[in-house]
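I am attaching a structure below and will ask some questions about it afterwards.
Rule-based calculations on the coordinates, nothing more; no lab input. These figures come from a predicted structure and were not determined experimentally. Neighbour counts are summed over all protein chains in view; Cβ atoms, including those assigned to glycine, are modelled from backbone coordinates with ideal geometry.
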Amino acid sequence: MGVLRRYKELLPVTPSTPDVNLEEGSTPLIPLPRVGAGLGIRLYGKFEGCNPSGSFKDRGMVLAVAKALEEGKRALICASTGNTSASAAAYAASVGVPCFVLLPAGKVAMGKLTQALMYGATVIAVRGNFDRALELARAAAESGTMGLAMVNSVNPYRLIGQRTGAWEVCEALGRAPDWHAIPVGNAGNISAYWAGYQEYHRLGKIEKAPRMMGFQAAGAAPLVTGKPCPNPETVATAIRIGNPVSAHLARAAVQESGGEFNAVTDEEILNAQRLLASEGGVFAEPASCAPLAGLVKLREQGKLPEGITVTMVLTGNGLKDPDTALSGLEKSGRAKPIEIGDTEEELKRVLEGRRG
Ligand code: F0G
C-alpha cells in the first residue's frame, strides 16, 4: 500500500485527489546489532533505499504530484542533486505528464542521472551549483507559464508526505527513538521528520519525541557554521548544498527537540559507508552515511549516551553511486575482485587466504 492510502486520515487527501501510487513507503526499519554494539547503543536504519526510485523522496513526491494534478498543473519542474529528479521523473512517468529537471552539471551520481533519463524526463545540466539551479527552477515555476508545478521541498506537500517516515519509525519501534539521526542538505527531511514526531506526540501515539540530530558534510555545512557556504564541496553529492531553503525549519527542529547539528568529513562518511555495509549488511549512498559517521565521532568524543535507541534515516540506495563507494574501498585494496585463472589450485589459494 502506498503512503496516500496507508496514511489517508493524516494527509491532505480528498475525494478529488488523484490516486497516485508507486507503492512507496513501508520501508524496513533494519536492526543493526553489530554496528550498534560497537557504539554501545541500540541502532536501527530506516532503509529508504527500498522506495521505488531508491530514496526517501518518493514519500513526499507522491503527494506533491497528486496535489499538482488536483490543482490542474500540467508539468513538473525541480532542481536536484539527483534523488529528487529521479523521484519526480518516476512519478511524472507514472501519471503521464512532462518533467523538467535541473541538475548541477557533472555533480550528480551516475545512477540518479540514469534514472531521470530512463523515466523520460527532460534533463538539463546547469553549469552552476544546486543552489543556483534551484533559483532557476523556482523562477520558471513562478513565471506561471506552462502550468509548471515546482516539486522541490519548497512545495509544502513534499514535507507533509515525508512525515510518514517518522510515523512508520514509531509504528515499527512501538515508541519514538531517543535520538533520531539524519543527514541534512536542503534541510527539508529533518523538518518533516520533526513535524511527524510532533504530530504523533500530539495525537498521543508516542510519549515523547526524539532529539533531532542533524549531520552535514564538512565541506557543505551551513547549519553547523551558521552561515551560507558559497562553494559547497563533498563526495556526498546529494547534500552538496550551501544555502538550504528550509534552514529555518531545521534550526527550529533541532532547538525544540534539544538536538544538535554536527559536521563530518568526507573520509568519515566513506568509512561509515563501509562500516554500514560490512557490519550491517546495508548499502546506502554516501549522504545517507553522514549520521553514522557522526555517531562514530560522538562516541569517540564520549558524547554518545550508552544504551540509547537511535534511528538513522538511510536516505538513499548505495547502488545509485557505486563510483564513490569504490573510491572509498581503494585505500584498503579491496576495490577490485581477485582475478584468478580457471584452475582449482588458484581458487584454493584464495580460499586459504594465500592470495587476496
Ligand atoms: N540524503 C539524500 C540521499 C538526499 O538525496 C538528500 C537530498 C538528503 C539526504 C538531504 O535531505 O535536502 O531534505 O535535507 N537531496 C535533494 C535532491 C536535495 O535534490 O535530491 P534534505
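Pick out, from His201, Leu29, Ala92, the residue whose Cα sits farthest towards the positive end of the charge dipole of the chain, with +1 on the Cβ of Lys and Arg and -1 on the Cβ of Asp and Glu.
Going by the charge dipole, the pick is His201.
Which of Lys205, Lys46 has the fewest other C-beta atoms within 10 Å, and how do the rest follow up to the most?
So the ranking, lowest neighbour count to highest, is Lys205, Lys46.
Which residues' amide hydrogens lie under 5 Å from the amide hydrogen of Ala75, considering only partners 5 or more residues apart or on another chain, with H built in the peptide plane?
Ala149
Order of 282-291, 50-59, 327-336 by packing, highest average Cβ count within 10 Å first?
Top to bottom by mean Cβ count within 10 Å: 282-291, 50-59, 327-336.
Using only alpha carbon pairs under 8 Å that are at least six residues apart, calculate the relative contact order of the chain and give it in whole percent.
Across the chain, relative contact order equals 18 percent.
Which of Ala195, Ala121, Ala172 ends up with the largest GNM mean-square fluctuation for the chain, with Cα atoms connected below 10 Å?
Most flexible of the set in this elastic network: Ala172.
In vacuo Debye scattering of region 1-59, one point per C-alpha: log10 I(q)/I(0) at q = 0.14, 0.20, 0.25 Å⁻¹?
Here log10 of I(q) over I(0) equals -0.52, -0.77, -0.96.
In debye, nearest 20, what is the charge dipole magnitude of the chain about its Cα centre with +1 on Lys and Arg Cβ and -1 on Asp and Glu Cβ, if you could check?
It works out to roughly 520 debye.
Taking every DSSP beta bridge that has both residues in the chain, what percent is antiparallel when rounded to the nearest 5?
15
For a footprinting-style exposure proxy, rank His201, His248, His180 by other Cβ within 10 Å, fewest first.
His248, His201, His180
When a footprinting reagent is the concern and you count Cβ atoms within 10 Å, what order do Glu300, Glu233 take, fewest first?
Glu300, Glu233
Okay, moving on. Checking the table Lys57/Lys320; Lys8/Lys57; Lys57/Lys112; Lys57/Lys297; Lys8/Lys67 against a 20 Å threshold on Cα-Cα, which pairs fail?
Those over the limit are Lys57/Lys297.
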